[in-house]
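Notes for the one structure printed next.
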Amino acid sequence: MAVTAVVNQKGGVGKTTVVLGLAAAAAARGRRALVVDLDPQANATTGLGVWEAQRTTASVLEAESPGALAAAVVPSAWPVDVLGRAPSVVPSSPVLAQREHQMATDVIGAQDRLAVAMEGLAGFDDVFVDCPPSLGLLTVNALFASDRVLIVAEPAAWSSDGVAQILRNVGRIADRRSGRPQVAGILVNRLGRTRDAAYWYEQLRQAHGDLVLSPAVRLRAAVAEAAAQSLPVHALTRDGAAEAAAEFDAISEVLDPAPVAAPPVAAPAEVVDLTGRLGAGGGLGDAVGGTGDRLDASALAAPAMVTTRWDH
Ligand SMILES: Nc1ncnc2c1ncn2[C@@H]1O[C@H](COP(=O)(O)OP(=O)(O)OP(=O)(O)O)[C@@H](O)[C@H]1O
Ligand SMILES: [Mg+2]
């Protein structure tokens, strides 16, 4: 299971859209996807067709009980016939904004409440955590609970500076967590066909090199329409929907090449020490490089478990 925090402190760049697109792509590839909505705006929750929930990320974070997240998982309302399987979701609610303020006064449990709540979570191949537009405590909790971070960026003025700031924060957390989260990459979203967009896209590539994932997700009306209809873009038939779905499918394959994650390995004797391996070749070097990562032998056979952004 890979837990991916989808972040950018800037609003409206497409974090939620990317979470929904990647959850749809993962499900279409036979992977069991879970969306954890960590934004009080709850856009991912409604995008998945969930409007009322008994348990939410707000109640989970309040409980501060190990493993509490699992009980808050509900199925999304996305049609199963399109994707083959529908993602699940831990919904959010506006109350989460108050929870962030309360957490700020907790000197012990402020940063890792989500990590504690996610302890023992099983049954999913991909967990995507949708973060609010800030680098506040909710995003910090997502980073403390994640294996990797996906930064969503717009090809717009000063976008690159914002990404650099996120990378610094991720590096500081990774220093405290034995190299986790790793940087899965920078996904450029809302790439239009203007010269301006091409210029800022190029600036991002020059500044961050191989960390910029390919393909980018283009600006298309179908993407916005899917969210507005609480449907996966894969379910739409209008112009541009199939192309947008293909972009998310391609990114999903870059992040997790195997259609379905490998089953767990039984024998502890097969554990292989991959010290240093995951950190090699990344554009961030020491800041977020993996040290001391241990993966099981099945992971070696299954690219989904070991092929991270560092391998490309
Ligand atoms: N590739 C795209 N093509 C067209 N519209 C898009 C695309 N990506 C996002 N949008 C639209 O842009 C708006 C902002 O996207 P989204 O809500 O995903 O951003 P966000 O980063 O999650 O915002 P926030 O920071 O408020 O959580 C939405 O109306 C969404 O439908
Ligand atoms: Mg959002």
Next item on the list: Please tell me if A104 is under 17 Å from the mean Cα position of the chain (by Cα) and more than 16 Å from ligand 1 (Cβ to nearest atom).
Entry: no
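Conditions tested, residue by residue: (1) in a helix (DSSP H, G or I); (2) of a type in the set (D, E); (3) within 22 Å of the chain's Cα centre (by Cα).
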site	(1), (2), (3)
I186	no, no, yes
E202	yes, yes, no
Q206	yes, no, no
A222	yes, no, yes
A226	yes, no, yes
H234	yes, no, yes
D239	no, yes, no
A246	yes, no, yes
A258	no, no, yes
Checklist line | Unmet requirement for R113, which otherwise passes all of (1) surrounded by fewer than 22 Cβ atoms within 10 Å (Cβ to Cβ); (2) more than 30 Å from P259 (Cα to Cα) | finding: (1)
Checklist line | Filter pass, A122 being under 21 Å from L22 (Cα atoms), surrounded by fewer than 16 Cβ atoms within 10 Å (Cβ to Cβ) and out of contact with any His (no Cβ under 6 Å at 6 or more places or on another chain) | finding: yes
Check: What are the residues in the range 19-37 that are near ligand 2 (Cβ under 9 Å from one of its atoms) and surrounded by fewer than 24 Cβ atoms within 10 Å (Cβ to Cβ), if any?
Finding: none
Notebook entry, point to check: Just to be sure, is V149 of a type in the set (V, I, T), crowded, with 18+ Cβ neighbours inside 10 Å, more than 16 Å from ligand 2 (Cβ to nearest atom) and under 14 Å from the mean Cα position of the chain (by Cα)?
Noted result: no
Next item on the list: Just name the residue that is nearest to ligand 2 (Cβ to nearest atom) out of those in the range 1-18 that are among the polar types (S, T, N, Q) and over 18 Å from E225 (Cβ atoms).
Entry: N8
Next item on the list: Name the residue, out of R168, R218, that is within 27 Å of A245 (Cβ to Cβ), basic (K, R), over 17 Å from the mean Cα position of the chain (by Cα) and surrounded by fewer than 19 Cβ atoms within 10 Å (Cβ to Cβ).
Entry: R218
Note to self: Can you tell me which of (1) within 16 Å of ligand 2 (Cβ to nearest atom); (2) buried (at least 20 other Cβ atoms within 10 Å of the Cβ) is the one L69 doesn't meet?
What the structure shows: (1)
Checklist line | Contacts under 7 angstrom Cβ, first residue in the range 179-193 being small (G, A, S), partner near ligand 1 (Cβ under 10 Å from one of its atoms), 6 or more apart | finding: G192/L219
Notebook entry, point to check: Does at least one position in the range 129-137 carry a residue that is away from ligand 2 (no atom under 16 Å from the Cβ) and surrounded by 19 or more Cβ atoms within 10 Å (Cβ to Cβ)?
Noted result: yes
Notebook entry, point to check: List, please: which pairs have Cβ atoms under 8 Å, are six or more places apart or on different chains, and start with a residue in the range 112-132 that is within 18 Å of A174 (Cβ to Cβ) and in a helix (DSSP H, G or I) and end with one that is small (G, A, S) and within 16 Å of ligand 1 (Cβ to nearest atom)?
Noted result: L114/A142
Margin query: Cβ-Cβ under 7 Å, sequence separation 6+ or interchain: first residue in the range 8-30 and hydrophobic (A, V, I, L, M, F, W, C), partner in a helix (DSSP H, G or I) and within 8 Å of ligand 2 (Cβ to nearest atom). Which pairs?
Written below: V19/A44; L20/A44
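Throughout, read-outs are computed from the coordinates displayed, never taken from laboratory work. Being a predicted model, the structure only gives us computed values, none of them experimental. Cβ atoms come from the backbone with ideal geometry, glycine included; neighbour counts cover every protein chain shown.
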